[in-house]
1. Do we have any residue at all in region 77-97 that's within 24 Å of Ser16 (Cβ to Cβ) and either over 20 Å from the mean Cα position of the chain (by Cα) or surrounded by fewer than 17 Cβ atoms within 10 Å (Cβ to Cβ) (or both)?
2. Gln143: outside the structural domain of Leu37 (by TED's automatic domain parsing), within 19 Å of Thr23 (Cα to Cα) and assigned to a helix (DSSP H, G or I), yes or no?
3. Could you tell me how many of the residues in region 45-63 are in contact with a helix residue (DSSP H, G or I) (Cβ under 9 Å, 6 or more places away or on another chain) and closer than 29 Å to Ser134 by Cβ?
4. Quickly run through region 15-66 and pick out the residues that are assigned to a strand (DSSP E or B) and hydrophobic (A, V, I, L, M, F, W, C).
5. Output yes when any residue across region 131-149 is more than 16 Å from Gly82 (Cβ to Cβ) and hydroxyl-bearing (Ser, Thr, Tyr), and no when none is.
Amino acid sequence: MSRIGKKAVAIPNGVSASIDNGTLSVKGPKGTLTLGLSDLIDYKVEGEEIVVKPANDTKQARAYWGMQRTLVANLVEGVSNGFTKVLDIKGVGYRASTQGSKIKLQLGFSHDVDLDVPEGLEVKTPDQTTIEISGIDKQKVGQFAAEIREWRKPEPYKGKGVAYRGEYIFRKEGKKK
């Protein structure tokens, strides 16, 4: 039994959900998100909550159960509050700036890294060493944050690079004489 799947997803005020033609649509103050529904799972909108249950007792249906409930919960959370990832840049000369729908990164390469911000995301740089990525789709926010981090991951000796806010960087001791 899935402990996560057993819990119904509460629909907050100002958010509406509907199921038609194999898709779940959730509409809220921040926008609309849809999810393609799996045949292995039964979805029901009952009053102020969405109930997710396995359609049959197969191992695969039980395995999908908790994940599908979490995807539905992410839709509801996204259209009501949204998601945000914060990246911190550490290193001498490392900085970031936004220019319209592009983000410009200076990460110690001989060239600047220019990235286009995906549709539906908002990127802010409150200062030169902080990047805030926000949007209603948790997958898109996390994917774009990972793509930025991939350019210069934090290294273990000096801790330079792009790290998530709150991420612990395992530090190593350098060479000894």
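1. Within region 77-97, the first condition is being within 24 Å of Ser16 (Cβ to Cβ), and the residues that meet it are 77-84.
Subsequent filtering for residues that are either over 20 Å from the mean Cα position of the chain (by Cα) or surrounded by fewer than 17 Cβ atoms within 10 Å (Cβ to Cβ) (or both) retains 81, 84.
Within region 77-97, one or more residues are within 24 Å of Ser16 (Cβ to Cβ) and either over 20 Å from the mean Cα position of the chain (by Cα) or surrounded by fewer than 17 Cβ atoms within 10 Å (Cβ to Cβ) (or both).
2. Working: outside the structural domain of Leu37 (by TED's automatic domain parsing): yes; within 19 Å of Thr23 (Cα to Cα): no; assigned to a helix (DSSP H, G or I): yes.
Criteria not met by Gln143.
3. So the answer is 2.
4. Step one: of region 15-66, the residues assigned to a strand (DSSP E or B) are 16-20, 23-28, 31-36, 41-46, 49-54.
Those that are assigned to a strand (DSSP E or B) and hydrophobic (A, V, I, L, M, F, W, C): Ala17, Ile19, Leu24, Val26, Leu33, Leu35, Ile41, Val45, Ile50, Val51, Val52.
5. No, region 131-149 contains no residue that is more than 16 Å from Gly82 (Cβ to Cβ) and hydroxyl-bearing (Ser, Thr, Tyr).
The values are calculated or read from the model by the stated rules, or taken from the named source; none is laboratory data. Computed from a predicted structure; not experimentally measured. Glycine gets a Cβ as well: all are built from the backbone with ideal geometry, and neighbour counts include every protein chain shown.
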